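Working notes, structure below.
The values are calculated or read from the model by the stated rules, or taken from the named source; none is laboratory data. Predicted, not measured: the structure shown is a model, and the values here were computed from it. Ideal geometry is used to build each Cβ from the backbone, glycine not excepted, and the neighbour counts take in all protein chains shown. Remember, those area values only see protein heavy atoms, side chains included, never the ligands or the DNA or RNA. Shrake-Rupley method; radii C 1.70, N 1.55, O 1.52, S 1.80 Å.
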Amino acid sequence: MLSRELVDNKSLIADLWETERLIIRDANLLDVDSLQEIYIQSQSAEGWTRDHEVTTDYILNGVKQGNLPPNGMKEFYKIQLITLKDSARIVGFIEFYHGYPDKEVLYIATLLFCEDCRNNGYGQEVINKLCEQALELGFRQARLGVTLRNWSGLYFWTKLGFNTILKYHGDKVLAKDSFALLVLGKTL
């Protein structure tokens, strides 16, 4: 994980950046309600998380103190909203952590879009540009976790090159309420 002394040696993903059709910027307190709505909407996406893990203050916590990994520091965490260039409509958000589990890794924690903005290439645009920036900043790998029940997520991430299984977390036996998560990686 990144230490304070490495802040001077490694830059972070930009506070404001864009893709062909989208503008991505750091979220603030004024964005919490819109992003929380997108977060709650995503409960309908089969298997992306355990139902009891969806909370009413997830985005507020992210903006205020960061949804941090073990021993994480807020200055290496970002939650950024995604808007359409042509309308400025908020359509999604991404959150990631610089340097987890080690300094060479950008860990993507969440990428979510409004229901009517899924399956149109926005996610691919965001991740391709994010990975490009990460490589330019000296990161060598991007990682993320995806649940085994999230078929569309598994398809999406492996299509984007996150096809190295780095770790498995979860139940050992398949049952209706089993939960399992794969940590996937991509060399930048």
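Roughly to the nearest percent, how much of the accessible area of the chain is carbon and sulfur, given a 1.4 Å probe?
50 percent
Could you tell me which helices of the chain pass both thresholds, a Cα extent of 18 Å or more along their own axis and a mean Kyte-Doolittle hydropathy of at least -0.5, with helices taken as whole DSSP H runs?
Flagged H segments are 122-136.
Given a Förster distance of 30 angstrom, what is the FRET efficiency for Ile165 paired with Thr56, based on the Cβ-Cβ distance and rounded to 0.05?
It comes out at approximately 0.40.
Under a 5 Å amide H to amide H cut-off, with H placed in plane at 1.01 Å, what residues pair with Met73 once short-range neighbours are removed?
none
Quick one: compute the contact order of the stretch 129-187, relative version, from alpha carbon pairs under 8 angstrom and 6+ residues apart, as a percent.
41 percent
Can you tell me the Rg and Dmax of the chain, counting just the alpha carbons, in angstroms?
15.9, 48
Evaluate E = 1/(1 + (r/R0)^6) for Asp33 and Val173, where r is the Cβ-Cβ distance and R0 equals 30 Å; express this FRET efficiency to the nearest 0.05.
0.15
Enter the Cα centre distance for the pair the stretch 76-113 and the stretch 166-183, rounded to the nearest angstrom.
25 Å
Which of the GluC sites (Glu not before Pro) found in the stretch 72-108 are in a DSSP loop and have at most 16 neighbouring Cβ atoms, other than their own, within 10 Å?
Glu104
Order the peptides 142-149, 164-171 from the highest to the lowest mean number of other Cβ atoms within 10 Å of their residues.
Ranking, from highest mean packing down: 142-149, 164-171.
Please compare each pair in Lys74/Lys186; Lys78/Lys176; Lys74/Lys159 to a cut-off of 27 Å on the Cα-Cα distance and tell me which ones are over it.
Long pairs (Cα-Cα over 27 Å): Lys78/Lys176; Lys74/Lys159.
Got the relative contact order for the chain handy, in percent, Cα pairs under 8 Å and 6 or more residues apart?
Relative contact order here is 21 percent.
If amide H atoms are built 1.01 Å from N in the plane of the peptide, which residues on other chains or at least 5 residues away come under 5 Å of the amide H of Val91?
Ile82, Thr83, Leu84
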